[in-house]
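Peer 1: What follows is a single structure, and I will ask about it in a moment.
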Amino acid sequence: MAFIILSVAAIWLLAYIRANLPVWTCVFAFLCGLRMFTSASFTGLWWFVWLFFLAAALIVNVPGMRRALLMKPLFRLFRRTLPSLSSTEREALEAGTVWWDAELFTGDPDWNSLLAMPKPELTNEEQSFLDGPVEKLCCMLDDWKIVASLRDLPPEIWQFIKEKGFFGMIIPKEYGGLGFSTLAHSQVIVKIASRSLTAAVTVMVPNSLGPAELLLRYGTDKQKKYYLPRLAKGEEIPCLALTGPEAGSDAASIPDTGIVCRGIFRGEEIVGIKIIWEKRYITLGPVATILGLAFRLHDPEHLLGNDEDLGITLALIATDTPGIAIGSRHDPLGVPFQNGPNRGKDVFIPLEWIIGGHAGVGQGWRMLMESLAAGRSISLPSLSSGGAKLVARVVGAYARIRRQFRVSIGRFEGIEEALARIAGNTYVMDAARAMTCGAVDLGERPSVISAIVKYHCTERMRIVVNDGMDVLGGSGICLGPRNLLGRIYQAAPIGITVEGANILTRSMIIFGQGVIRCHPYVLKEMKAVTDPDVKHGLADFDRLLRSHTAFVLCNAARSLFLGFTGGHLAKAPTEPARRYYQTATRFSAAFALTADAVLLTLGGALKRRERISARLADILSHLYLISALLKQFRDRQCPLEELPLLQWGYEESLLKIQDSFAEIFDNLPVRPVAWLLRLIVFPFGRPFAGPDDRLCSRVAGILMEPSPLRDRLTAGLFIPTDLSDPLNRLEDALRKVIAAEPVEQKLRDAVKDGRLDRGAEDALLDAGVRAGVITSDEADFIRQATAARREVIRVDDFPHL
């Protein structure tokens, strides 16, 4: 028994420290020798054991023998079975950069490097823009009029947006743009989204994945100098035409074609491109003057070179070019931002309209993937965060103001549960948005993280608005100027669908792309296996596979240790949230181990096991969300009053991580591997239960009372000052209702004691004043609060519909 314990301890220690092969060999030799000398007799079996050990030691430690006998057969097997990657698949995998997601794949994230990242902050100029033009734009917007009657932004809003440079936020000042940071772009969208989704989408799209972004990264100097100033001033309205009837989520299968040929353009014969296409769901398409078009380019006459299929290409085309049909509109769930189809029939354009000129031929897919990596991490998360902040502000106030059974509905536990989710999810979304914006401003183009924040912000927005509608009840389902949530509720599925449908994003992209891009070894091993120089590839494969094996063993040892200790001994910054860092480290190690185990047991079949991929994506996503929460908490100097929100987000993510692990272990086809993983990751069972009732009550309470914390949670909203505005009426009623509550308590106590008779409010107030229970001023407080409350809970009605 002692020998077994010693052997297990030695193996665990070697794995934990990532010992190299000679060290493993020496330790195994020592253990064999120790066992032999402590055994009762030296039999012939020991000669066989030593011969086997020496042969194995030679094979694994002598590079030539190891490669010939072990690595070469594995190398050939991987080379034969590894599915070939198309050029579009390879470009998608290599698009963007890896950042904190790669740290989470190591199993031992460096928290100090994350915390050392500068806190995202606005410049004075950016803040002035928010306080000036953005504030004024929000004052000008009447969302009910825009949606219910105009079905578009009014002309004065379009003009204001153009004149003030809203379309040129990402365009550098040298080209006439505002040159704002990613964070500023995001904050602008958050604020506008809290006022009008139609306006927010209109401003968002030109500054996200569109011609401006593509020109900045890949355009020729001539293209930049011509188009960027015009886009910045709003002289051109851009759109990007990618999606079509046969190419939605599978955008790489674009059927739209361009043929390199000779033709007449503006009276002159040139070599150009004749294009046929059909696109749909194109935002700003109906009013666009410049169309960014994705199509597959062919050169059958070899006018540009020897290749015939030149690949996906992007071009900028004026929408008044002959052959283009554009202008009709879709109706995306009643939210009237400009969106519609367009078509082109034998549209002939010059080659210089290709983004990047001749160098951009066939580079369109790479351009799109790299631009999407940045744009997707900003636009929809900002839109979702702005909507969630508005819901939190509105529903929290309404829950305190609205009464049933003589009690504020926010005091009912069922309502508290919904309010806690609203507040907690809003806090999580804002943390993820801010940290990701900070990374993009530092030069990252995080393709995997952009998918994570897009998915989770839009999904959580749907949860938040659903909870908000449940709390508002009848006032939430009656549309009208007073209803601040109805249009957000209608629009929630739009964000779920666009820029990568959420089902596909979760089940295929986050982990499917992440495990290749972010894993320390997988992409390198794939490149080694496909290296045309077989000798060089085999040498790289040998080195990488040895390191990968040590990595897996280390994560197994660390996961077991952290599981037994609950992560208490993991390295972590010293602060109030220290335990949160330690637990996240524990599950990072477990995630890295499980990811490798899944790759080993499923191999290429993982591509078809989308449920398992989705659960691994959930674990990676929630580790990122916990990281964002911890980063935000540190950036704000660890304010103790925020701990309930931090704890809610942390515990909610831990529960989701735990459940995802359990579902993976329940469904792995190789059952012994699943049993072993379960024992390593959860040696004492599943310890996490999510936020408890007391915590939910504390979090819900944050929304129902004016405070600096409530203001911080909903920071960035447009808060109107006019009492005719429904949001300001809510804020005014909330203050009055809270001020009246102590006076109301005096009356209740008097009724309970028998000093006053229960009756209608006016009679009770008069009786309370006559009895000296309250003063006349206090009675006025209650009357004002009652009037404000009744005004807030009113719903719209119309003489004709």
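Peer 1: Scan the range 662-674 residue by residue and report those that are without any contact (Cβ under 8 Å) to a residue 24 or more places away in the chain, in contact with a helix residue (DSSP H, G or I) (Cβ under 8 Å, 6 or more places away or on another chain) and surrounded by fewer than 16 Cβ atoms within 10 Å (Cβ to Cβ).
Peer 2: Within the range 662-674, the subset without any contact (Cβ under 8 Å) to a residue 24 or more places away in the chain is 665-666, 671-672, 674.
Imposing the further condition that a residue be in contact with a helix residue (DSSP H, G or I) (Cβ under 8 Å, 6 or more places away or on another chain) reduces the set to 665-666, 674.
Scanning the range 662-674 gives a single hit, ASP666.
Peer 1: If you go through the range 325-347 one residue at a time, how many are open to solvent by less than 30 Å² (accessible area, probe 1.4 Å) and part of a strand (DSSP E or B)?
Peer 2: Taking the range 325-347 and keeping what is open to solvent by less than 30 Å² (accessible area, probe 1.4 Å), we get 332, 334-342, 344, 347.
Cutting the leftovers down to part of a strand (DSSP E or B) gives us 339-342, 344, 347.
The total comes to 6.
Peer 1: Looking at (1) surrounded by fewer than 20 Cβ atoms within 10 Å (Cβ to Cβ); (2) hydrophobic (A, V, I, L, M, F, W, C); (3) outside any helix (DSSP H, G or I), which one does LEU727 not meet, given that it meets all the others?
Peer 2: (3)
Peer 1: Only one of these is open to solvent by 10 Å² or more (accessible area, probe 1.4 Å), among the aliphatic types (A, V, I, L, M) and at negative phi: ALA434, ALA399, ALA392, ALA388. Name it.
Peer 2: Every option except ALA434 fails the conditions.
Peer 1: Checking LYS224 against (1) of a type outside the set (A, V, I, L, M); (2) modelled with pLDDT of 95 or more; (3) open to solvent by 70 Å² or more (accessible area, probe 1.4 Å): exactly one of these is not met. Which one?
Peer 2: (3)
Peer 1: Same structure again: Counting residues that are hydroxyl-bearing (Ser, Thr, Tyr) and over 27 Å from PRO446 (Cβ atoms), which helices (runs of 4 or more DSSP H) fully inside the range 65-168 reach at least 1?
Peer 2: Details: elements: 72-81, 87-94, 100-106, 111-115, 124-129, 135-140, 155-163.
It comes to 72-81, 124-129.
Peer 1: Please verify whether the range 143-153 includes one or more residues that are open to solvent by less than 10 Å² (accessible area, probe 1.4 Å) and touching a His at 6+ places or on another chain (Cβ under 6 Å).
Peer 2: no
Peer 1: Please indicate, with yes or no, whether at least one residue in the range 477-497 is open to solvent by less than 50 Å² (accessible area, probe 1.4 Å), under 29 Å from ARG636 (Cα atoms) and assigned to a helix (DSSP H, G or I).
Peer 2: No: zero hits.
Peer 1: Next up: How many residues does the range 459-474 contain that are under 17 Å from ASP797 (Cα atoms) and open to solvent by less than 20 Å² (accessible area, probe 1.4 Å)?
Peer 2: Matching residues across the range 459-474 total 1.
Peer 1: Would you confirm whether or not the range 27-41 contains a residue that is basic (Lys, Arg) and closer than 27 Å to ARG586 by Cα?
Peer 2: no
Peer 1: Now for a different question. Among the residues of the range 114-134, how many are exposed (fewer than 15 other Cβ atoms within 10 Å of the Cβ) and in contact with a Phe, Trp or Tyr (Cβ under 7 Å, 6 or more places away or on another chain)?
Peer 2: Count: 0.
Peer 1: Are any of the residues in the range 687-707 open to solvent by 30 Å² or more (accessible area, probe 1.4 Å), in contact (Cβ under 8 Å) with a residue 24 or more places away in the chain and of a type in the set (S, T, N, Q)?
Peer 2: Yes, that holds for at least one residue.
Peer 1: Please find, within the range 601-612, the residue that is farthest from VAL552 (Cα to Cα) out of those that are without any contact (Cβ under 8 Å) to a residue 60 or more places away in the chain and open to solvent by 50 Å² or more (accessible area, probe 1.4 Å).
Peer 2: Checking each candidate, the answer is ARG608.
Peer 1: Pairs, please: C-beta under 7 Å, at least 6 apart or cross-chain, first residue more than 21 Å from ARG615 (Cα to Cα) and in the range 431-452, second of a type in the set (Lys, Arg) and modelled with pLDDT of 90 or more?
Peer 2: MET435/LYS631
Peer 1: Working only within the range 199-221, note down all residues that are surrounded by 24 or more Cβ atoms within 10 Å (Cβ to Cβ) and either more than 30 Å from the chain's Cα centre (by Cα) or hydroxyl-bearing (Ser, Thr, Tyr) (or both).
Peer 2: Result: THR202, SER208.
Peer 1: Within the range 548-588, how many residues turn out to be assigned to a helix (DSSP H, G or I) and either open to solvent by 10 Å² or more (accessible area, probe 1.4 Å) or closer than 20 Å to ALA10 by Cα (or both)? Write out each step before concluding.
Peer 2: Residues of the range 548-588 that are assigned to a helix (DSSP H, G or I), as a first pass: 548-565, 578-588.
Applying the additional criterion that residues be either open to solvent by 10 Å² or more (accessible area, probe 1.4 Å) or closer than 20 Å to ALA10 by Cα (or both) yields 548-565, 578-580, 586.
Selection size over the range 548-588: 22.
Peer 1: Let me ask another. Considering only residues that are of a type in the set (Lys, Arg), surrounded by fewer than 18 Cβ atoms within 10 Å (Cβ to Cβ) and part of a strand (DSSP E or B), which ones fall in the range 231-279?
Peer 2: Of all residues in the range 231-279, those of a type in the set (Lys, Arg) come to 233, 262, 266, 274, 279.
Adding the requirement that they be surrounded by fewer than 18 Cβ atoms within 10 Å (Cβ to Cβ) leaves 233, 262, 266.
Passing the criteria: only ARG262.
Peer 1: Out of everything in the range 292-321 that is part of a loop (DSSP other than H, G, I, E, B) and β-branched (Val, Ile, Thr), what residue ends up being surrounded by the most Cβ atoms within 10 Å (Cβ to Cβ)?
Peer 2: Let us first name the residues in the range 292-321 that are part of a loop (DSSP other than H, G, I, E, B), namely 299-308, 319-321.
From what's left, β-branched (Val, Ile, Thr): 319, 321.
Numbers: THR319: 21, THR321: 16.
Filtering first and then ranking leaves THR319.
Peer 1: Return the residues of the range 744-801 that are in a helix (DSSP H, G or I), among the β-branched types (Val, Ile, Thr) and either more than 30 Å from ASN483 (Cα to Cα) or at pLDDT below 90 (or both); say none if nothing qualifies.
Peer 2: Of everything in the range 744-801, those that are in a helix (DSSP H, G or I), among the β-branched types (Val, Ile, Thr) and either more than 30 Å from ASN483 (Cα to Cα) or at pLDDT below 90 (or both) turn out to be VAL751, VAL769.
Let's see how each residue does on (1) touching a Pro at 6+ places or on another chain (Cβ under 8 Å); (2) farther than 26 Å from GLY468 by Cα; (3) hydrophobic (A, V, I, L, M, F, W, C):
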residue: ILE326; (1), (2), (3): yes, yes, yes
residue: TRP353; (1), (2), (3): no, yes, yes
residue: HIS358; (1), (2), (3): no, yes, no
residue: GLU370; (1), (2), (3): no, yes, no
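Peer 1: So, one more: Taking the options ASP732, ASP711, name whichever one is out of contact with any Phe, Trp or Tyr (no Cβ under 6 Å at 6 or more places or on another chain), surrounded by fewer than 20 Cβ atoms within 10 Å (Cβ to Cβ) and without any contact (Cβ under 8 Å) to a residue 24 or more places away in the chain.
Peer 2: Unique residue meeting the criteria: ASP711.
Peer 1: With (1) crowded, with 22+ Cβ neighbours inside 10 Å; (2) at pLDDT 90 or above; (3) of a type outside the set (Ser, Thr, Tyr); (4) under 22 Å from GLY248 (Cα atoms) as the list, and ILE509 as the residue in question, which single condition is left unmet?
Peer 2: Going through (1) crowded, with 22+ Cβ neighbours inside 10 Å; (2) at pLDDT 90 or above; (3) of a type outside the set (Ser, Thr, Tyr); (4) under 22 Å from GLY248 (Cα atoms) one by one, ILE509 breaks only (2).
Peer 1: Right, something else. If you check ARG615, ARG634, which single one turns out to be within 19 Å of SER559 (Cβ to Cβ), open to solvent by 30 Å² or more (accessible area, probe 1.4 Å) and touching a residue at least 12 places away in the same chain (Cβ under 8 Å)? Can you show your working first?
Peer 2: Values: ARG634 fails: within 19 Å of SER559 (Cβ to Cβ).
Of ARG615, ARG634, the one residue that is within 19 Å of SER559 (Cβ to Cβ), open to solvent by 30 Å² or more (accessible area, probe 1.4 Å) and touching a residue at least 12 places away in the same chain (Cβ under 8 Å) is ARG615.
Peer 1: Out of all the residues in the range 596-610, is one or more under 24 Å from the mean Cα position of the chain (by Cα), closer than 19 Å to VAL515 by Cα and not in a helix (DSSP H, G or I)?
Peer 2: Within the range 596-610, one or more residues are under 24 Å from the mean Cα position of the chain (by Cα), closer than 19 Å to VAL515 by Cα and not in a helix (DSSP H, G or I).
Peer 1: Here is a list of conditions, (1) within 19 Å of LEU153 (Cβ to Cβ); (2) out of contact with any strand residue (DSSP E or B) (no Cβ under 8 Å at 6 or more places or on another chain); (3) open to solvent by less than 60 Å² (accessible area, probe 1.4 Å), and THR289 meets all of them except one; can you say which number that is?
Peer 2: The number of the failed condition is (2).
Peer 1: Right, something else. Those residues that are modelled with pLDDT of 90 or more and of a type outside the set (Phe, Trp, Tyr), I need them from the range 246-267; list them, please.
Peer 2: Once the filter is applied, which keeps residues that are modelled with pLDDT of 90 or more and of a type outside the set (Phe, Trp, Tyr), the range 246-267 yields PRO255, ASP256, THR257, GLY258, ILE259, VAL260, CYS261, ARG262, GLY263, ILE264.
The values are calculated or read from the model by the stated rules, or taken from the named source; none is laboratory data. The model shown is predicted, which means the values in this text are computed figures rather than measured ones. Quick reminder, even Gly has a Cβ in these numbers, built from the backbone with ideal geometry, and neighbours come from all protein chains shown. These accessible areas exclude ligands, DNA and RNA; they are computed on the full protein's heavy atoms, side chains included. Shrake-Rupley method; radii C 1.70, N 1.55, O 1.52, S 1.80 Å.
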